[in-house]
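Scroll down for the structure; my scribbles are underneath it.
The values are calculated or read from the model by the stated rules, or taken from the named source; none is laboratory data. Nothing here was measured: the structure is a model prediction, and the numbers come from that model. Quick reminder, even Gly has a Cβ in these numbers, built from the backbone with ideal geometry, and neighbours come from all protein chains shown.
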Amino acid sequence: MLIKKLLAEPERSAAKQSKNTFYSNGDFIIGDSPKIKYAINLARKVAPTDMSVIISGETGIGKEYIARFIHENSLRKDKPFLAIDCGAIPKELANSELFGHIKGSFTGAISDKIGVFQKADGGTLFLDEIGNLSYDVQLKLLRAIQERVVSRLGDDKHRNIDIRIIAATNEDLNYEVKENNFREDLYHRLNEFKIALPPLRERPEDIKVFMSYFIESANKELNRNINGVTPEAESIILNYPWYGNLRELKNAIKRAVLMAEGESIDTECFPSEILHPEINENQPTAVVSQEINDNSKLKHASSEIEKKLIIETIQEAGYNKSKAAKILNIDRKTLYNKIKLYDIKL
């Protein structure tokens, strides 16, 4: 696969790289910026080892693709690679999803189930958004990693496992440890090696490369023949913050290719939130993907009132964001997105 070849090659001339390094594996694009090259070099170095890895980075930046690259270049490459989104698992089912259960161990357990730890035996288990796991599941996860054994829910038998753990997060786990939301012993067990993926807005030299690839991809998918962007449209793309990173850029380009009337994308092809991000900052639903609970204090607040309420609540909670989120009746991730959205300085 070409992405493996590109990632595995140690050095090439800048001229050659600019032509080829935007080839993709799914949605993941390799850029030319020094920051992404450094991150990829770290992934290349740690891949042949059995070290646990934490990959940090914002939503949509490609953490799973880096995890797959590490697996595919490891001694476990012929064994399973399993990815699980810890943020998408209902808290009451996390234990079962990770470790399995036996029939009758809880209401609804109508048959035995093997957890992902056993399914990934011999290979790599990728735990995305690991910060969303509850404290009790974190404890069982720690024991499984330390002792290399797991037991299914309701079962007293222990099964040996041999897996490599790669975890990913868009949160600051160091901060979560200090706030007692994430176990410090588990953090240190996972953090044998860390790779921080830079957000797209910190890699402006890459955006044109990604833009070209996404136009080409959208042309094929939508049966269009768009050959580029106008200077004005390019300026919009280069100056937009792209908080959704590659995922957001891909969606924006695909929409623009569909909307284009001529052979080039112009500013009319973009929605207002991209054309006027400074206005859209007062419209949190455009950025925050989590739904606000009907009982939340934020549900019917205007943007300015909402921002003021968040600041006052965080201060009231002694700058403990987890406590503030509970007071506001929203989850921590929603609160973090709101803080970023309103550029709240604490």
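Looking at the structure I just gave you, is residue 124 in contact (Cβ under 8 Å) with a residue 40 or more places away in the chain and of a type in the set (Val, Ile, Thr)? I'd like the intermediate steps shown before the answer.
Working: in contact (Cβ under 8 Å) with a residue 40 or more places away in the chain: yes; of a type in the set (Val, Ile, Thr): yes.
Yes; evaluated as a whole, the condition is true for this residue.
Which one is surrounded by the fewest Cβ atoms within 10 Å (Cβ to Cβ) among residues in the stretch 96-138 that are hydrophobic (A, V, I, L, M, F, W, C) and more than 17 Å from residue 161 (Cα to Cα)?
Filtering the stretch 96-138 down to residues hydrophobic (A, V, I, L, M, F, W, C) leaves 98-99, 102, 106, 109-110, 114, 116-117, 120, 125-127, 130, 133, 137.
Next cut, more than 17 Å from residue 161 (Cα to Cα) only: 102, 106, 109-110, 130, 133, 137.
Details: 102: 17, 106: 13, 109: 15, 110: 8, 130: 26, 133: 24, 137: 18.
This residue is 110.
Can you tell me which residue among 156, 128, 78 is under 24 Å from residue 185 (Cβ atoms) and of a type in the set (Asp, Glu)?
On the way: 156 fails: under 24 Å from residue 185 (Cβ atoms); 78 fails: under 24 Å from residue 185 (Cβ atoms).
Exactly one of 156, 128, 78 is under 24 Å from residue 185 (Cβ atoms) and of a type in the set (Asp, Glu), namely 128.
Restricting attention to the stretch 236-249, does a residue exist that is on the phi > 0 side of the Ramachandran plot, surrounded by 13 or more Cβ atoms within 10 Å (Cβ to Cβ), within 25 Å of the chain's Cα centre (by Cα) and at pLDDT 85 or above? Break it down stepwise before answering.
If we filter the stretch 236-249 for residues that are on the phi > 0 side of the Ramachandran plot, which is where we start, we get 242, 245.
Then drop every residue that is not surrounded by 13 or more Cβ atoms within 10 Å (Cβ to Cβ), which leaves 242, 245.
Imposing the further condition that a residue be within 25 Å of the chain's Cα centre (by Cα) reduces the set to 242, 245.
Add one more test, that the residue is at pLDDT 85 or above, and what stays is 242, 245.
Yes, there is a match, as at least one residue in the stretch 236-249 is on the phi > 0 side of the Ramachandran plot, surrounded by 13 or more Cβ atoms within 10 Å (Cβ to Cβ), within 25 Å of the chain's Cα centre (by Cα) and at pLDDT 85 or above.
If a residue must be part of a loop (DSSP other than H, G, I, E, B) and either at pLDDT 75 or above or not β-branched (Val, Ile, Thr) (or both), how many such residues does the stretch 291-346 contain? Working first, answer last.
As a first pass, look at the stretch 291-346 and keep what is part of a loop (DSSP other than H, G, I, E, B): 291-302, 317-320, 329-331, 342-346.
When the remaining residues are screened for being either at pLDDT 75 or above or not β-branched (Val, Ile, Thr) (or both), the result is 291, 293-302, 317-320, 329-331, 342-346.
Matching residues across the stretch 291-346 total 23.
Among all residue pairs at least 6 apart or on different chains, which show Cβ distances below 9 Å where the first residue, located in the stretch 59-71, is free of Cβ contacts under 8 Å to residues at least 24 places away in the same chain and the second is surrounded by fewer than 22 Cβ atoms within 10 Å (Cβ to Cβ) and of a type in the set (Ser, Thr, Tyr)?
Pairs found: none.
Of everything in the stretch 44-95, what is under 30 Å from residue 106 (Cβ atoms), in contact with a helix residue (DSSP H, G or I) (Cβ under 6 Å, 6 or more places away or on another chain) and either among the aromatic types (Phe, Trp, Tyr) or loosely packed, with under 15 Cβ neighbours inside 10 Å (or both)? Give them in sequence order.
If the condition is that a residue be under 30 Å from residue 106 (Cβ atoms), in contact with a helix residue (DSSP H, G or I) (Cβ under 6 Å, 6 or more places away or on another chain) and either among the aromatic types (Phe, Trp, Tyr) or loosely packed, with under 15 Cβ neighbours inside 10 Å (or both), then 81 is the only one that fits.
Suppose we filter the stretch 324-346 for residues that are basic (Lys, Arg) and buried (at least 16 other Cβ atoms within 10 Å of the Cβ); how many remain?
Here is the first cut: in the stretch 324-346, the ones basic (Lys, Arg) are 326, 332-333, 338, 340, 345.
Next, only the ones that are buried (at least 16 other Cβ atoms within 10 Å of the Cβ) stay: 332-333, 338.
Residues that pass the stated criteria total 3.
Yes/no matrix, rows are residues, columns are (1) in a helix (DSSP H, G or I); (2) in the same structural domain as residue 171 (by TED's automatic domain parsing):
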| position | (1), (2) |
| --- | --- |
| 35 | yes, no |
| 58 | no, yes |
| 69 | yes, yes |
| 76 | no, yes |
| 92 | yes, yes |
| 97 | yes, yes |
| 111 | no, yes |
| 138 | yes, yes |
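Any chance the stretch 143-164 includes a residue that's under 12 Å from residue 84 (Cα atoms) and modelled with pLDDT of 95 or more? Steps first, please.
Within the stretch 143-164, the first condition is being under 12 Å from residue 84 (Cα atoms), and the residues that meet it are none.
Looking for residues that are under 12 Å from residue 84 (Cα atoms) and modelled with pLDDT of 95 or more, one finds none in the stretch 143-164, hence no.
Restricting to the stretch 188-235, give me the number of residues that are touching a helix residue (DSSP H, G or I) at 6+ places or on another chain (Cβ under 6 Å) and without any contact (Cβ under 8 Å) to a residue 24 or more places away in the chain.
Number satisfying all stated conditions: 0.
Does any residue of the stretch 184-198 turn out to be of a type in the set (A, V, I, L, M, F, W, C), assigned to a helix (DSSP H, G or I), more than 18 Å from the chain's Cα centre (by Cα) and over 24 Å from residue 318 (Cβ atoms)? Step through it out loud before you land on a result.
Taking the stretch 184-198 and keeping what is of a type in the set (A, V, I, L, M, F, W, C), we get 186, 190, 193, 195-197.
Still in the list and also assigned to a helix (DSSP H, G or I): 186, 190.
Cutting the leftovers down to more than 18 Å from the chain's Cα centre (by Cα) gives us 186.
Those still in the list that are over 24 Å from residue 318 (Cβ atoms) too: 186.
Yes, some residue in the stretch 184-198 is of a type in the set (A, V, I, L, M, F, W, C), assigned to a helix (DSSP H, G or I), more than 18 Å from the chain's Cα centre (by Cα) and over 24 Å from residue 318 (Cβ atoms).
What number of residues within the stretch 201-237 are in contact with an Asp or Glu (Cβ under 8 Å, 6 or more places away or on another chain), among the charged types (D, E, K, R) and more than 20 Å from residue 266 (Cβ to Cβ)?
The qualifying residues number 2.
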